[in-house]
1. Go through the range 60-87 residue by residue and tally those that are in contact (Cβ under 8 Å) with a residue 24 or more places away in the chain and of a type in the set (V, I, T).
2. Name the residues in the range 63-82 that are over 17 Å from R121 (Cα atoms) and either of a type in the set (G, A, S) or crowded, with 17+ Cβ neighbours inside 10 Å (or both), would you?
3. List pairs: first in the range 136-156 and surrounded by 10 or more Cβ atoms within 10 Å (Cβ to Cβ), second assigned to a helix (DSSP H, G or I) and hydroxyl-bearing (S, T, Y), Cβ under 8 Å, 6+ apart or cross-chain?
4. Inside the range 97-111, can you point out the residues that are surrounded by 12 or more Cβ atoms within 10 Å (Cβ to Cβ) and in contact (Cβ under 8 Å) with a residue 12 or more places away in the chain?
5. Is it the case that some residue within the range 94-104 is at pLDDT 95 or above, among the aromatic types (F, W, Y), closer than 30 Å to V141 by Cα and within 16 Å of the chain's Cα centre (by Cα)?
6. Sort out which residues of the range 41-59 are surrounded by fewer than 14 Cβ atoms within 10 Å (Cβ to Cβ) and free of Cβ contacts under 8 Å to residues at least 12 places away in the same chain, and write them in order of number.
7. Give the number of residues within the range 48-83 that are assigned to a helix (DSSP H, G or I) and either at pLDDT below 95 or closer than 24 Å to L131 by Cα (or both).
8. For residues in the range 112-135 being of a type in the set (A, V, I, L, M) and within 17 Å of V49 (Cβ to Cβ), which is surrounded by the fewest Cβ atoms within 10 Å (Cβ to Cβ)?
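The values are calculated or read from the model by the stated rules, or taken from the named source; none is laboratory data. Predicted, not measured: the structure shown is a model, and the values here were computed from it. Note that each Cβ is placed from the backbone with ideal geometry, even for glycine, and that neighbours are counted across all protein chains shown.
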Amino acid sequence: MRLDARIGRNARIVPRLLAAAAVYCCAAQAAETESQRFRAFLDHAYDGVVQRAPILASEFGEHVGEDRWDDVSEAGLAADAKAIRDQLDAVKSQFSYDELDASGKLQYRVFVNESRLLLDRYRWRDELYPLNQIVGLHVEVPDVLINQQRLDTAADA
């Protein structure tokens, strides 16, 4: 085979290889972008939970809302359920599960399942015992005050 024939054949293959590489890179970048968008959404959802639930924030080591307790009134519980429902709807409408990477797919499934569990708990809230020997405000309040809320100065108390 002559040299110019080999060069001509390679000249046709190289652009195809470059195009395939570009498609592969763009597809990988798109998946990464979807996963990054989803992780940013999860960060925003976490910030919302921390703002709405000061007790949980203390357990997570976040020192916000330490001047108040969780709103366990009917209105507060309804607002929490609405926020969860809105986030669940947003996840389902704004993110494509198939475009997430493996870690993003796991986080997606955990988020959806946890949201459904919380909504089920809200639905059956009147059927549960509010106090027992393991859980309830009578256990939670002393635990938060003793173990989670940091008191560095007299003003913190």
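1. 2
2. Selection gives G65, E66.
3. V144/S58; Q148/S58; Q149/S58
4. E99, L100, D101, G104, Q107, Y108, F111
5. no
6. D43, H44, Y46, D47
7. Looking only at the range 48-83, we keep the residues that are assigned to a helix (DSSP H, G or I), and these are 48-52, 54-59, 74-83.
If we keep only those that are either at pLDDT below 95 or closer than 24 Å to L131 by Cα (or both) as well, we get 48-52, 54-59, 74-81.
Number satisfying all stated conditions: 19.
8. By that ranking, first place goes to L117.
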